[in-house]
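Colleague: Here you go, one structure.
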Amino acid sequence: MADPPKSFHLSPAIHEYLVAHGTPPDDVQRWLIDETKQRVPALSMMQVAPEQGAFMMVLTRLLGVRQAVEVGTFTGYSALCIARGLAPGGRLLSCDVNEAWTSIAREAWTRAGVADRIDLRLAPAIETLQALPTDEAIDLAFIDADKVNYAAYYDELLRRLRPNGVILVDNTLWMGTVVDESVTDDDTNAIRGFNDQVASDGRVDSVQLPISDGLTLLRKR
């Protein structure tokens with residue numbers, strides 16, 4: 001489990017209870033959590049929390065997702081969860097730029113038997129997204145990458161999302177700093193701007209969920 005909990009608004013005890021009373025991480029997921037802590041210790045908090053992964057897998061199954069896109073792979077936990085939830089024949093396009101991090105992801109996907117469902121593209125994500133067909137074919141997208149480009153990723157994905165398709169956006173509470181006016185760094189300001197943008201976007205219905213570090217769910221109208 002994340003230590004301390006990535007769900008910053010929960011006590012460690014409540015977080016452990018919450019994870020234990022959902023679908024718990026299996027052996028591969030626990031391996032990936034531990035491997036990320038060992039091989040990327042300074043950045044292991046970038047990994048999605050177990051309860052968020054469980055939510056994403058359930059949501060992917062509920063939506064009957066066949067075509068998914070992820071912006072930001074890191075060591076592959078979120079991709080693993082989405083891939084497990086895909087409908088038969090479903091595919092996930094996962095975008096990242098870091099070979100070292102995604103090598104851990106590839107090993108985890110192989111261990112979990114889902115590597116054949118994931119197409120990893122190592123290139124700037126905005127270029128990968130802009131090269132996709134413009135038809136509305138994406139069922140589910142997940143954004144969890146560089147914060148200053150959230151709005152750009154969102155615009156490219158939304159135009160390719162089917163009606164009633166869903167975009168999930170991570171870190172939209174940013175450890176609570178979104179309401180702290182003394183914090184004015186570029187990432188925090190970018191997240192504030194993104195949150196304001198989607199809250200008033202007439203193309204979507206949106207809800208900001210207090211899952212982990214804040215998870216915004218947007219449905220294309």
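Colleague: Given the convex hull of the Cα atoms of the stretch 42-193, what is a quarter of its surface area in nm²?
Modeller: Working: hull surface 36.6 nm².
Convex hull of Cα atoms, orientation-averaged projection: 9.1 nm².
Colleague: OK, next. What shape does the stretch 96-172 have by the C-alpha gyration tensor, where a ≥ b ≥ c are the square roots of the eigenvalues, rounded means a/c under 1.5, and otherwise prolate means a/b greater than b/c and oblate the rest?
Modeller: Details: a/c = 1.81, a/b = 1.44, b/c = 1.25.
Because a/c hits 1.5 or more and a/b exceeds b/c, the stretch 96-172 counts as prolate.
Colleague: If you build the convex hull over the alpha carbons only and average its shadow over all orientations, what do you get for the stretch 104-219? Give it in nm² to one decimal. If you can, show how the numbers build up before the last one.
Modeller: On the way: hull surface 33.4 nm².
For the Cα atoms of the stretch 104-219, the hull's average projected area reads 8.4 nm².
Colleague: With n ≥ 4 as the cut-off for DSSP H runs, can you work out [θ] at 222 nm for the chain, using -39500 (n - 2.57) per run divided by the number of residues, rounded to the nearest 500?
Modeller: -12000 deg cm²/dmol
Colleague: At a temperature of 4 °C and a viscosity of 1.567 mPa s, determine how fast the stretch 48-102 diffuses translationally according to Stokes-Einstein, using the Kirkwood radius over alpha-carbon pairs as Rh; express D in µm²/s, rounded to the nearest whole number.
Modeller: 115 µm²/s
Colleague: I want the antiparallel fraction of DSSP beta bridges within the chain, as a percent rounded to 5.
Modeller: Just about 35 percent of them are antiparallel.
Colleague: Determine the share of the chain's accessible area contributed by carbon and sulfur atoms, expressed in whole percent, with a 1.4 angstrom probe.
Modeller: The computed percentage sits at 54.
Colleague: For the stretch 10-113, just the Cα set please: Rg and Dmax, both in angstrom.
Modeller: 13.5, 40
Colleague: Now for a different question. Enter the accessible area per residue of the chain (Å², integer; probe 1.4 Å; all protein chains in place).
Modeller: 45 Å²
The values are calculated or read from the model by the stated rules, or taken from the named source; none is laboratory data. Everything quoted here is computed from the prediction, not taken from an experiment. With ligands, DNA and RNA removed, areas are computed over all heavy atoms of the protein, side chains included. Shrake-Rupley method; radii C 1.70, N 1.55, O 1.52, S 1.80 Å.
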